[in-house]
Amino acid sequence: MKKIIIDGGQEISGTIKISGAKNSIVALIPASILTSGKCVIKNVPDISDVRILLEIMRELGSEITFENETIIIDNGNVKNKEITEEFASKLRASYYFMGSLIGKFHKVDIACPGGCVIGSRPIDIHLDSFKKMGIEIDEQQSKFVMTVDELKGNHFYLNFPSVGATINIMIASTLAKGQTIIENAAKEPEIANVASFLNSMGAKIFGAGTSKIIIDGVDELYDGFVEVIPDRIEAGTYLIIGSLLGNNLTIENIIESHIESMLYKLKEAGIKYESKGNSITITAAKNLKPINIKTTVYPGFPTDLGQPMSTLLTQCEGECLFEETIYENRLRHIPHLNSMGANIKVFDNQALILGKTPLHGKKVKATDLRAGASMLVAGLIADGRTEIYNIEHLLRGYERIVDKLSQVGVQIKLVEDEENI
Ligand code: EPZ
């Protein structure tokens, strides 16, 4: 087991470069199975989710290399094998193999996808949509066996603008017969990133990034190329850190339009920043005004930034209301924040945060990926030493986070530790 040790309160200055988006690359790699052509994916983050996906791809017979932030894929010899629980349970995004294997081979045998503790994370929207495409789904004990004679496009109106379901339907319908329309589609930027990859191979996808996506099925795909967009959640996390400890901290490789909701909220709290091209330079505000945060689908305030943002809210002078509307169990980090000195009361999915409260370093644990980010922000601003256990969660979504923070003046290290708190 690994833990991070932080000696808090360091002023942070220098430059941090944002890596490619985790929530894009975890769809792009499985999507490459649709083509027998070669694929090149650039700006790939070296995070554990990518390493797991490379293992799964090699298990299926893909010839895949990953160096210098570039993945080169030759799926010419990919065989349609079962994706066992050993692999599928390691990450939720394994469900994208459903869309690509059924699209390519008209059959898929896959264990239930992984998840984390933030919610039940059902995949009913994915499965209902697949059934409407003519796919037979046999839900066995802990796996799905799906088959289809002829994959047909259809017209979908999603009950919820699910990111995963939108991408999975897009992937599955690329080689389907006829046209597919997805209404009430999710609009997160990662969806347009996947669509541009599929279109580079010869797919015909229109409207990705809007709530109505049209896919005209094609018979064949060719070589593909894509550059992973910058990770807007990583960018938002470092902006939160810069708002609390920055002294001219520059964060580069940002697409500002992807984090407008976050930037609006930071300005509302009194934080000043300067943007130039694809970089933002930020300095900590002396006093933070109280603000309210309510997470929602894109382009609203992203649920993945809710947890780290709630740590910033503990430093605002006054009452802040934080509400999580996407997942049913995404406030598990609050007790750890309170144990460090925060004053937060929770009612269902709402948290009333009474600030400003100094935080004190202590042993805490990451209950999930973005809870880990919340603990990291807390450790950076707390006085004294903070040790964050179960830090593997955090390393899934933040490339080289210890290096990136060390390089801008943070006293932080990653160590092995078998102690379980
Ligand atoms: C993606 O998850 C991201 N993960 C999540 O990021 C992110 O929080 C989420 O989108 C929302 O932006 C990846 O891209 C790998 P959803 P996904 O389908 O696709 C319910 C992180 O920290 N739902 O939009 O699973 C679901 O339970 C992770 O990087 C159904 O009910 O998100 C949830 O309440 C966490 N049925 C809501 O919709 C379904 O079939 C959002 O889910 C699918 C989803």
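Evaluate the following for Leu305: is it within 16 Å of the chain's Cα centre (by Cα) and within 23 Å of Gly372 (Cα to Cα)? So Leu305 passes the test. Scanning the stretch 327-357 for residues that are within 19 Å of Pro290 (Cβ to Cβ), crowded, with 21+ Cβ neighbours inside 10 Å and touching a Leu at 6+ places or on another chain (Cβ under 7 Å) yields Ala342, Ile344, Ala351, Ile353.
Here is the figure for the stretch 157-184: residues that are small (Gly, Ala, Ser), within 18 Å of Ala93 (Cβ to Cβ) and either more than 21 Å from the chain's Cα centre (by Cα) or more than 9 Å from the ligand (Cβ to nearest atom) (or both) total 1. Criterion applied to Pro299, Pro290 was being assigned to a loop (DSSP other than H, G, I, E, B), open to solvent by 20 Å² or more (accessible area, probe 1.4 Å), of a type outside the set (Asp, Glu) and within 16 Å of the ligand (Cβ to nearest atom), and the one residue passing it is Pro299. Can you name the residue in the stretch 251-283 that is touching a residue at least 60 places away in the same chain (Cβ under 8 Å) and crowded, with 20+ Cβ neighbours inside 10 Å and, of all such residues, is nearest to the chain's Cα centre (by Cα)? The residue in question is His258.
Inside the stretch 337-362, residues that are within 19 Å of Ile326 (Cβ to Cβ) and part of a loop (DSSP other than H, G, I, E, B) make up a count of 2. Remark: pairs (first residue in the stretch 156-175, basic (Lys, Arg); second residue surrounded by fewer than 24 Cβ atoms within 10 Å (Cβ to Cβ); Cβ separation under 9 Å; 6+ apart in sequence or on different chains) are absent. Filtering the stretch 114-150 to residues that are open to solvent by 30 Å² or more (accessible area, probe 1.4 Å) and either at pLDDT below 85 or part of a loop (DSSP other than H, G, I, E, B) (or both) leaves Gly115, Cys116, Val117, Ser120, Arg121, Pro122, Gly134, Gln140, Gln141, Ser142, Asp149, Glu150. Here Ser36 fulfils each of the conditions (1) within 16 Å of the ligand (Cβ to nearest atom); (2) at pLDDT below 95 apart from (1).
Filtering the stretch 87-106 to residues that are more than 17 Å from Gly61 (Cα to Cα), free of Cβ contacts under 8 Å to residues at least 40 places away in the same chain and surrounded by fewer than 19 Cβ atoms within 10 Å (Cβ to Cβ) leaves only Ser89. Here are the criteria: (1) within 16 Å of the ligand (Cβ to nearest atom); (2) out of contact with any Lys or Arg (no Cβ under 7 Å at 6 or more places or on another chain); (3) in contact (Cβ under 8 Å) with a residue 24 or more places away in the chain. Tell me which single one Leu127 does not satisfy. For Leu127, the failing item is (3). Scoring Thr311 on the criteria (1) within 14 Å of the ligand (Cβ to nearest atom); (2) under 25 Å from Asn390 (Cβ atoms) leaves a single failure, condition (1). For Val226, the criteria (1) of a type outside the set (Phe, Trp, Tyr); (2) surrounded by fewer than 24 Cβ atoms within 10 Å (Cβ to Cβ); (3) under 18 Å from Leu28 (Cβ atoms) hold in every case but one, which is (2). Of the residues making up the stretch 407-421, those that are open to solvent by 30 Å² or more (accessible area, probe 1.4 Å) and closer than 18 Å to Glu392 by Cα are Lys413, Leu414, Val415, Glu416, Glu418, Glu419, Asn420, Ile421. Is at least one residue of the stretch 17-33 out of contact with any Phe, Trp or Tyr (no Cβ under 8 Å at 6 or more places or on another chain), assigned to a loop (DSSP other than H, G, I, E, B) and open to solvent by 20 Å² or more (accessible area, probe 1.4 Å)? Taking every residue of the stretch 17-33 in turn, none turns out to be out of contact with any Phe, Trp or Tyr (no Cβ under 8 Å at 6 or more places or on another chain), assigned to a loop (DSSP other than H, G, I, E, B) and open to solvent by 20 Å² or more (accessible area, probe 1.4 Å).
Scanning the stretch 76-113 for residues that are at negative phi and in a loop (DSSP other than H, G, I, E, B) yields a count of 13. When each of His360, His393 is tested for being open to solvent by less than 70 Å² (accessible area, probe 1.4 Å) and either within 16 Å of the ligand (Cβ to nearest atom) or closer than 12 Å to Met340 by Cα (or both), the lone residue that passes is His393. For the stretch 200-217, a residue qualifies if it is surrounded by 15 or more Cβ atoms within 10 Å (Cβ to Cβ) and either among the β-branched types (Val, Ile, Thr) or within 30 Å of Gly14 (Cβ to Cβ) (or both), and the qualifying residues are Ile205, Ile213, Ile214, Ile215.
The values are calculated or read from the model by the stated rules, or taken from the named source; none is laboratory data. All figures in this text were calculated on a predicted structure; none of them were measured in a lab. As a convention, Cβ positions derive from the backbone with ideal geometry for all residues, glycine included, and neighbour counts pool all protein chains shown. Remember, those area values only see protein heavy atoms, side chains included, never the ligands or the DNA or RNA. Shrake-Rupley method; radii C 1.70, N 1.55, O 1.52, S 1.80 Å.
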